[in-house]
Each structure stands twice: as structure tokens, then as C-alpha cells.
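These notes are about the structure you will find just below.
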Amino acid sequence: MTHAAATSDIHENCSKYGRLYSYNAAINACPDGWRLPSDADWKNLERSIGMDENEIEKYGWRGKSEAQKLLEFGSSGFNGYLTGTYDRKFYYQFVSSYYWTSTQIDDSSAWCREISKPLSIGRFKDNKRMLFSVRCILNQE
């Protein structure tokens with residue numbers, strides 16, 4: 001696995017947790033009829049699980065009680081695993097999971113979400129070279 005790899009296909013992780021994608025690979029990862037959720041889509045999800053409206057627009061950690069609802073066996077049905085991220089080696093594996101949004105900030109960064117075991121939902125911008133998880137949503141056109 002090299003730093004420039006588009007996806008992380010380490011078998012023992014991939015079979016349970018799925019692949020990790022660079023931003024450019026994530027944009028094209030969803031099958032026909034599905035898409036990578038935008039930052040606004042994530043905000044709608046956060047609203048639906050009860051995050052306070054004052055928290056939704058904030059950058060950084062927020063939604064402490066709502067994070068549990070997004071983890072495996074949580075009440076939202078999202079069932080997120082704590083997959084970590086990859087940049088030459090795994091970081092925060094089994095402590096946090098990172099998800100790309102389709103919303104770019106500039107040529108080198110995009111919005112992402114982090115769900116952390118200390119039970120918070122992070123709204124961050126990150127480098128598009130990082131390898132994060134993808135959660136596709138059904139197109140509603």
C-alpha cells in the first residue's frame with residue numbers, strides 16, 4: 001500500500017469494514033442510482049437524530065449524545081463501524097471512523113465527518129489524499 005493509493009484493500013479490514021477511499025476515488029465509488037452524501041445531507045442526518053440546530057453548522061466536535069445513534073447497534077440504523085483512516089499507516093483504527101462528503105472546500109480539501117469513540121460527531125475539512133470510508137445514499141430524483 002502506498003500513500004498515493006486510491007483505496008485501501010487490506011483484506012482483513014476490507015471484508016468487515018469496507019474499503020477506504022481518497023476523495024477522488026470516493027466521488028466515483030457509489031453504484032448507479034446512489035451518490036456520495038453532501039455536507040448538507042450529513043446535516044440532515046444529524047437533524048434527524050436530534051442534534052441541536054446550533055451545533056449543526058459548527059466546525060469541529062459536536063453532537064455528543066447523537067454519535068452513539070450512528071454506531072453499530074445505534075438507534076438510527078446507520079450502524080457505523082470505527083474503521084479509522086489511512087495515510088501510510090492506519091490512524092485511530094477502532095476509535096474513530098471518517099466519512100467523505102461530496103462537498104469540496106478547495107482543490108486540496110473537502111468536508112468530512114468523524115464519528116469518535118468518545119462519542120462525538122466531528123465536522124472537519126481534510127486533505128483529499130487521506131483515505132476515508134464512504135457511505136452512499138440513494139438518489140431521490
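Restricting to the range 102-119, name every residue that is over 13 Å from the mean Cα position of the chain (by Cα) and polar (S, T, N, Q). Matches in the range 102-119: 104, 108, 109. Among the listed residues 72, 46, 55, which satisfies the condition of being of a type in the set (Asp, Glu) and in contact (Cβ under 8 Å) with a residue 24 or more places away in the chain? Residue meeting the stated conditions: 46.
When 135, 129, 123 are screened for being part of a loop (DSSP other than H, G, I, E, B), touching a residue at least 12 places away in the same chain (Cβ under 8 Å), charged (D, E, K, R) and open to solvent by less than 80 Å² (accessible area, probe 1.4 Å), only 135 passes. Residues considered: 92, 81. Of these, the only one that is under 12 Å from the mean Cα position of the chain (by Cα), modelled with pLDDT under 90 and open to solvent by 70 Å² or more (accessible area, probe 1.4 Å) is 81.
Take the range 38-75 and flag every residue that is in contact with a Ser or Thr (Cβ under 7 Å, 6 or more places away or on another chain), open to solvent by 10 Å² or more (accessible area, probe 1.4 Å) and outside any helix (DSSP H, G or I). If the condition is that a residue be in contact with a Ser or Thr (Cβ under 7 Å, 6 or more places away or on another chain), open to solvent by 10 Å² or more (accessible area, probe 1.4 Å) and outside any helix (DSSP H, G or I), then 38, 49, 61 are the ones that fit.
The values are calculated or read from the model by the stated rules, or taken from the named source; none is laboratory data. The structure displayed is predicted, hence computed values, not measured ones. Neighbour counts are summed over all protein chains in view; Cβ atoms, including those assigned to glycine, are modelled from backbone coordinates with ideal geometry. Heavy atoms of the whole protein, side chains included, go into the accessibility calculation; ligands, DNA and RNA do not. Shrake-Rupley method; radii C 1.70, N 1.55, O 1.52, S 1.80 Å.
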